[in-house]
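Novice: Structure in structure tokens, see below.
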Amino acid sequence: MNTNKINYQLLLDREIEQLSSEGRVPTLLLHSCCAPCSSYTLEYLSKHFEITVFYYNPNIYPEEEYERRVAEQTRFISELPAEHPISLRVGEYDPREFYDAVKGLEHIPEGGERCFACYRLRLERTAKLARELGFEYFTTTLSISPYKNAPKLNEIASELGGIYSVKPLPSDFKKREGYKRSVELSKQYGLYRQDYCGCVFSQQERQKATDNG
Ligand code: SF4
């Protein structure tokens, strides 16, 4: 199946409609990469799910940057008024997990195979934890970014959902102006917005682009 043609927002709409008709508010383990990407996603999904945000990002470099993003994520959750409760679980920060996952792919530019391995690492840990803790759904905030490959994220999530027997929630959060809303919310809450994706390679790519003007 050509996943590039699938409208994941439409699939999410249908899932939410179904839940509303059943009058259910299920549990969702939501992987988050940073507070800005979680802002619109949480504003939107917390109307329909009881969410635990899973902050698992061993890709982030350096450690000070990681700590800064965790602090912003924690603050944002505590300040966002939400219809259903949102809690936070911070995963382990062991950058070796990331370097092992992307071994041999380090110099592939952002958006390629290195990123797909990085998506898989974070989604797999999320699906596994969702299964262990008995969540009904799992997904990630990553698809809100125009730089992330939403079909690939959904394809990986769907495969992992089958392996771990947890429902993957379809996502393409940039649709319906989700990205634009995340920029507005970031301003409103004064969130720190980093200028590179997260890993050392993306930081170097960003630096090179800046140097080349
Ligand atoms: S650019 Fe972003 S998604 Fe790609 S490998 Fe680095 S941290 Fe992961």
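Novice: Considering only residues that are outside any helix (DSSP H, G or I) and among the polar types (S, T, N, Q), look in region 1-32 and name the one that is surrounded by the most Cβ atoms within 10 Å (Cβ to Cβ).
Specialist: Ser32
Novice: Can you tell me which residue within region 33-75, out of those that are outside any helix (DSSP H, G or I) and among the aliphatic types (A, V, I, L, M), is nearest to the ligand (Cβ to nearest atom)?
Specialist: Looking at residues that are outside any helix (DSSP H, G or I) and among the aliphatic types (A, V, I, L, M), I get Ile60.
Novice: Further question on the same structure: Under 8 Å between Cβ atoms, which residue pairs at least 6 apart in sequence (or on different chains) link something in region 189-213 that is of a type in the set (S, T, N, Q) with a partner that is within 13 Å of the ligand (Cβ to nearest atom)?
Specialist: Gln194/Cys34; Gln194/Glu65; Gln194/Arg69; Ser202/Glu110; Ser202/Tyr196; Gln203/Tyr61; Gln203/Tyr196
Novice: Check Gly134, Gly190, Gly213, Gly111 and return the single one that is on the phi > 0 side of the Ramachandran plot and within 16 Å of the ligand (Cβ to nearest atom).
Specialist: On the way: Gly134 fails: within 16 Å of the ligand (Cβ to nearest atom); Gly190 fails: within 16 Å of the ligand (Cβ to nearest atom); Gly213 fails: within 16 Å of the ligand (Cβ to nearest atom).
Going through Gly134, Gly190, Gly213, Gly111 in turn, just one is on the phi > 0 side of the Ramachandran plot and within 16 Å of the ligand (Cβ to nearest atom): Gly111.
Novice: When Leu160 is evaluated against the numbered criteria (1) more than 16 Å from the ligand (Cβ to nearest atom); (2) more than 13 Å from Leu123 (Cβ to Cβ); (3) of a type outside the set (D, E, K, R), which criterion, by number, is the only one it fails?
Specialist: For Leu160, the exception is condition (2).
Novice: Let me ask something additional. Any idea which of (1) modelled with pLDDT of 95 or more; (2) assigned to a helix (DSSP H, G or I); (3) out of contact with any helix residue (DSSP H, G or I) (no Cβ under 7 Å at 6 or more places or on another chain) is the one Gly198 doesn't satisfy?
Specialist: Going through the list (1) modelled with pLDDT of 95 or more; (2) assigned to a helix (DSSP H, G or I); (3) out of contact with any helix residue (DSSP H, G or I) (no Cβ under 7 Å at 6 or more places or on another chain), Gly198 breaks only (2).
Novice: So Arg176 ticks every box in (1) at pLDDT below 95; (2) within 16 Å of the ligand (Cβ to nearest atom) but one. Which box is left unticked?
Specialist: Unmet for Arg176, out of (1) at pLDDT below 95; (2) within 16 Å of the ligand (Cβ to nearest atom): (2).
The values are calculated or read from the model by the stated rules, or taken from the named source; none is laboratory data. Because the structure is a prediction, the values reported are computed rather than measured. As a convention, Cβ positions derive from the backbone with ideal geometry for all residues, glycine included, and neighbour counts pool all protein chains shown.
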